[in-house]
Ligand SMILES: Cc1cc2nc3c(=O)[nH]c(=O)nc-3n(C[C@H](O)[C@H](O)[C@H](O)COP(=O)(O)OP(=O)(O)OC[C@H]3O[C@@H](n4cnc5c(N)ncnc54)[C@H](O)[C@@H]3O)c2cc1C
């Protein structure tokens, strides 16, 4: 069963070695473990549902609690400290498009707010039911999870939008295909969620972001059905898929999605390189991002992240043999192609580019170990919380020319927000010819009151968001807008842009039924 107040399955833990506790204390401050609120304690205070009974609705309190929040730090604080106080009035688990349409009709009749719920992995407050007089209906997509069609001639696959990463890839694997979209939340996040939040998978360098993979689909909106055809290309006016991409549940419910798939690559190798400095690692990344090598992933950790990564990795004696450069930075790479020869040739070319800039390629297992555990890193948030630390992450995308300045502005804002107690580190993980994404993690000791932790989080989050705006980065490269990034969207879109988006979403949802307080 999934944890109700943390990440992932309750049967999976991600322990850290005994040496991790002193390392974390020296970097992030003395931990302050807390006793979590009990599920029963919260369930008791859930008010009765305001929606009329319907065979598709579950009003069972625990189900309502389990669909009341996502995975942002703010969500965790409410669940762990027990202050969560808005809940959907009912949760529906439709299995067909007709049932989805029935639910939209029901919402219209009852003037209810509708929150589509994919995997529940949002980290920006997308799923929080607003307080107020209107009832809230959360529509879980969990049972809309089937492969509907695979066209092997066109390399297109159509799925019901609630399919989660592992089921999607397993269905394609049966036919020798792959989508290749692997966000760290892969275990639970869904195809529909990826599209409406414009997500990016770890191997975006090879497979593209979700907008490159999204070929078409069906949106069921309060105003009617929008079918987006799968033309390979079109110059017939603005592309309506672009309104659905990033719509965060506000345009309607995406019921089916067609994606571009590729034949399963025959060879793939994950590898690691250590650099003496950040500058050398970034220069190499820039050169590789512009190269023709068969790279599907590249990730560069700064020196502070490298310390944490290697410190939490375990007591493997091989780690002791690594050079002890004081500013060492770890780069991870994946080479993906149909022939072993291409993978090996490009790996050697990558090594050559790295060596020219002072990099030291590490033996095989380093990269492969990372691949094995790549979705397990998310479980570390549970471990760190249990040890007594809050963890949050934020991300942006910057031009190469603004990367250094942007990184220092964002990290300085976080250190300032932490007020001397906490740790901040970053990596680059998605690359484009003109720039890359910057992903920053900060952790700090918990406090005995939720208020104290929340205040620290607020200072950090607003300071870092303002720094992103100053650095002319995007307020989100991959997590979306939700509640947490909403105040900063104006800097990116401008008032006319926001008005155009509002008007367009209003066409799909004239009565503001769909997730009304998010995004805009
Ligand atoms: C540990 C962790 C790691 C993460 N790693 C990544 C990462 O590597 N890359 C990345 O891009 N993101 C990442 N995320 C963020 C998150 O996983 C993505 O935003 C993901 O796309 C959300 O998908 P979901 O199915 O869980 O959607 P949900 O969280 O359930 O919903 C998100 C929003 O989409 C709407 N929605 C969901 N399904 C539909 C639908 N069918 N129709 C209409 N609206 C819908 C919801 O109403 C909500 O507004 C991570 C999150 C966590 C907690």
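Per-residue counts of other Cβ atoms within 10 Å, averaged by peptide: what ranking do you get for 226-236, 52-62, 426-436, 356-366, highest first? Don't skip to the end; give the middle numbers.
On the way: 226-236: 11.1, 52-62: 14.7, 426-436: 20.3, 356-366: 16.5.
My ranking of the peptides, most packed first, is 426-436, 356-366, 52-62, 226-236.
Show me 23-30, 120-127 ranked by packing, highest mean number of other Cβ atoms within 10 Å first. Intermediate values should be presented prior to the final figure.
Values: 23-30: 16.6, 120-127: 25.5.
Descending packing order for the listed peptides: 120-127, 23-30.
How big is the Kirkwood radius of the stretch 287-358, worked out from every pair of different alpha carbons and given in Å to one decimal?
After inverting the pairwise mean of 1/r, the radius is 13.8 Å.
Return the equivalent ellipsoid semi-axes of the chain as a descending list in whole Å, where each equals the square root of 5 times an eigenvalue of the C-alpha gyration tensor. Please report the intermediate quantities before stating the final value.
Numbers: eigenvalues 261, 168, 92 Å².
Listed largest to smallest, the semi-axes of the chain are 36, 29, 21 Å.
Any idea how far the Cα center of the stretch 444-464 sits from the one of the stretch 111-183, in Å?
Here the answer is 32 Å between Cα centres.
Between residue 493 and residue 212, what's the calculated FRET efficiency when r is the beta-carbon distance and R0 is 25 Å? Round to 0.05. Could you put the intermediate results ahead of the total?
Values: r = 22 Å, r/R0 = 0.87.
That pair, residue 493 with residue 212, gives E of 0.70.
Looking only at the stretch 174-194, which residues have a backbone nitrogen under 19 Å from a spot 7 Å from the Cα of residue 12 in the C-beta direction?
The answer is 179-194, whose backbone nitrogens lie closer than 19 Å to the label point.
How high is the relative contact order of the stretch 200-333, given as a whole-number percent (alpha carbon pairs under 8 Å, six or more residues apart)?
On the way: 155 pairs, mean separation 38.6, N = 134.
Averaging sequence separation for qualifying contacts and normalising by length gives 29 percent for the stretch 200-333.
Shape of the stretch 138-226 from its Cα gyration tensor (a ≥ b ≥ c, root eigenvalues): rounded if a/c is under 1.5, otherwise prolate when a/b > b/c, or oblate?
Values: a/c = 1.44, a/b = 1.25, b/c = 1.15.
Verdict is rounded for the stretch 138-226.
Provide the descending list of Cα extents for the stretch 93-133 along its principal axes, expressed in whole angstroms.
Cα spread of the stretch 93-133 along its principal axes, largest to smallest: 30, 27, 11 Å.
How many Å³ per residue does the convex hull of the Cα positions in the stretch 1-88 occupy? Present the calculation step by step, with values, prior to reporting the outcome.
Values: hull volume 10.3 nm³, N = 88.
Residue-normalised Cα hull volume stands at 118 Å³.
Taking 0.36 nm per residue of sequence separation and subtracting the Cα-Cα distance, how much length would be gained by fully extending the chain between residue 416 and residue 472, in nm to one decimal? Mind dumping the intermediate values first?
Values: separation 56, 0.36 × 56 = 20.16 nm, distance 2.01 nm.
Fully extending the segment from residue 416 to residue 472 adds 18.1 nm.
Between residue 349 and residue 32, what length comes free when the chain is fully extended (0.36 nm per residue of separation minus the Cα-Cα distance, one decimal in nm)? Walk me through the numbers on the way to the answer.
Details: separation 317, 0.36 × 317 = 114.12 nm, distance 4.74 nm.
Here the segment from residue 349 to residue 32 would lengthen by 109.4 nm.
Treating each Cα of the stretch 222-299 as an identical point scatterer and ignoring solvent, apply the Debye formula and state log10 I(q)/I(0) at q = 0.23 Å⁻¹.
-1.10
What is the fewest-to-most order of 225, 456 by other Cβ atoms lying within 10 Å of their Cβ? Before the final figure, lay out each step's value.
Values: 225 12, 456 22.
Fewest to most other Cβ atoms nearby, the residues stand as 225, 456.
Between residue 373 and residue 148, with labels modelled 7 Å along Cα→Cβ, what's the label distance in nm to one decimal, could you check?
Going from the residue 373 label point to the residue 148 one covers 4.0 nm.
Just need the Rg to Rh number for the stretch 378-484, please, alpha carbons only, Kirkwood Rh. Please list the in-between numbers first.
Values: Rg = 14.0 Å, Rh = 14.2 Å.
A ratio of 0.98.
At 4 °C and 1.567 mPa s, grab the translational diffusion coefficient of the stretch 31-140 from Stokes-Einstein with a Kirkwood Rh over Cα pairs, rounded to a whole number in µm² per second.
Numbers: Rh = 14.5 Å.
Once the numbers are plugged in, D ends up at 89 µm²/s.
Would you give the gap between the C-alpha center of the stretch 294-360 and the C-alpha center of the stretch 194-225, rounded to a whole Å?
So the two Cα centres are separated by 30 Å.
Mind jotting down the distance between the C-alpha centroids of the stretch 371-385 and the stretch 22-59, whole Å?
If you average the Cα positions of each part, the centres end up 20 Å apart.
Suppose the Debye formula is applied to equal point scatterers at every Cα of the stretch 430-520; what is log10 I(q)/I(0) at q = 0.12, 0.14 Å⁻¹?
The calculated log intensity ratios at q = 0.12, 0.14 Å⁻¹ are -0.52, -0.68.
Would you work out the relative contact order for the chain, in percent, from Cα pairs under 8 angstrom that are 6 or more residues apart? If you can, show how the numbers build up before the last one.
Values: 1043 pairs, mean separation 93.6, N = 520.
The value is 18 percent.
In 5 Å bins starting at 0, how do the alpha-carbon pair distances of the stretch 412-473 split up by percent?
4, 16, 24, 23, 15, 9, 6, 2, 1, 0
Values quoted throughout were computed directly from the atomic coordinates according to the rules given, and no laboratory measurement underlies them. The structure presented is a predicted model; accordingly, all values stated were derived computationally and were not measured. Neighbour counts are summed over all protein chains in view; Cβ atoms, including those assigned to glycine, are modelled from backbone coordinates with ideal geometry.
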